[in-house]
Amino acid sequence: ADPSAMLATMQQAALLPDGRTLRGVLGADYESIRERAGQSGLDLAMLDRFAPWFVATLLLQMELARRGFAPELGIEAQLASRAVDDGKPIQGLETAEQQFAVLGGMPLAEQKRFLLMTLEESTQLDAQVDELVGAWQAGDTDALARMLSDEFDDFPELYRPLTEDRNRAWVEQLDGLLDDRDDYLVVVGALHLVGHNSVVDLLRQRGHTVTRQ
């Protein structure tokens, strides 16, 4: 997807309903969140028309960028570039609109908790990123599953819409691809491949044999 078009779609999806403001949604927590976001270079006053999930996503992107994690260097971007060079078609398991609808569909109270979770994690991001990247490089699925569980321990209501529901929607499509005569390379985030009701788990529940290479 074109990054500028993606950002425009994201911003449009993130607008709060008329009459609602970020300050109003965050309530008594606004000032503490504003101060913490400011430490990351994010001015909440400029985002008062946007939903908490958008602020959380933006904050995480900024914190990762400060640590050298550039989106254009990610696995998805590199594989997409290679597919274009090879003349191979690319299609998504979900559209940008669907992805943003998952986040925007959460009640505002849950979105606020999502933002609070992101702020809490950002204070320990260096250690978390090191552990996550190390586990990913080593193929340590047990460690990745533990990190996924730990991430949502304090916010269990976020686990289903952000992971399980999307995994189930993807597996419906993957099941159909398995009967196709063509071969497909499917790329999803590593944390969608581990833990309860992961893509791997759901495929196995359907009777498929899933083998790690």
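The values are calculated or read from the model by the stated rules, or taken from the named source; none is laboratory data. Just so it is clear, the structure is predicted and the values come from calculations on it, not from any experiment. Counting neighbours? That spans all protein chains shown, and the Cβs are built from the backbone with ideal geometry, glycine included. Surface accessibility is based on the protein's heavy atoms, side chains included, excluding ligands, DNA and RNA. Shrake-Rupley method; radii C 1.70, N 1.55, O 1.52, S 1.80 Å.
What the table below lists for this structure:
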| quantity | calculated |
| --- | --- |
| Options L22, L115: the member that is touching a strand residue (DSSP E or B) at 6+ places or on another chain (Cβ under 8 Å) and more than 26 Å from L174 (Cα to Cα) | L22 |
| Helices (runs of 4 or more DSSP H) contained in the range 110-213 and holding at least 1 residues among the aromatic types (F, W, Y) | 125-138, 141-152, 156-159, 165-177 |
| Output for the range 129-149, where each listed residue is open to solvent by less than 70 Å² (accessible area, probe 1.4 Å) and not aliphatic (A, V, I, L, M) | G134, G139, D140, T141, S149 |
| Near pairs, Cβ below 6 angstrom, 6+ apart or cross-chain, from the range 93-118 (of a type in the set (K, R)) to any residue that is not in a helix (DSSP H, G or I) | R113/F155 |
| Options E63, E72: the member that is modelled with pLDDT under 90, charged (D, E, K, R) and in contact with a Ser or Thr (Cβ under 6 Å, 6 or more places away or on another chain) | E63 |
| Condition check for V84: of a type in the set (V, I, T), over 23 Å from D126 (Cα atoms), open to solvent by less than 40 Å² (accessible area, probe 1.4 Å) and at pLDDT 90 or above | no |
| Complete set of residues in the range 59-74 that are farther than 17 Å from R113 by Cβ, open to solvent by less than 70 Å² (accessible area, probe 1.4 Å), in contact with a helix residue (DSSP H, G or I) (Cβ under 9 Å, 6 or more places away or on another chain) and part of a helix (DSSP H, G or I) | E63, L64, A65 |
| Number of the condition not met by A135 [criteria: (1) closer than 30 Å to K88 by Cα; (2) modelled with pLDDT of 90 or more] | (1) |
| Output for the range 150-172, where each listed residue is more than 15 Å from the chain's Cα centre (by Cα), surrounded by 13 or more Cβ atoms within 10 Å (Cβ to Cβ) and closer than 15 Å to D201 by Cα | R168, A169, V171 |
| Test for A37: is it under 26 Å from E172 (Cα atoms) and either surrounded by 12 or more Cβ atoms within 10 Å (Cβ to Cβ) or modelled with pLDDT under 90 (or both) | no |
| Pairs, first in contact (Cβ under 8 Å) with a residue 24 or more places away in the chain and assigned to a helix (DSSP H, G or I) in the range 14-28, second open to solvent by less than 80 Å² (accessible area, probe 1.4 Å) and of a type in the set (G, A, S), C-beta under 7 Å, six or more apart | A14/A51; A14/G104 |
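To keep it simple, each residue is scored yes or no on (1) among the charged types (D, E, K, R); (2) open to solvent by 30 Å² or more (accessible area, probe 1.4 Å).
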| residue | (1), (2) |
| --- | --- |
| Q78 | no, yes |
| K88 | yes, yes |
| A101 | no, yes |
| G105 | no, yes |
| R113 | yes, yes |
| L119 | no, no |
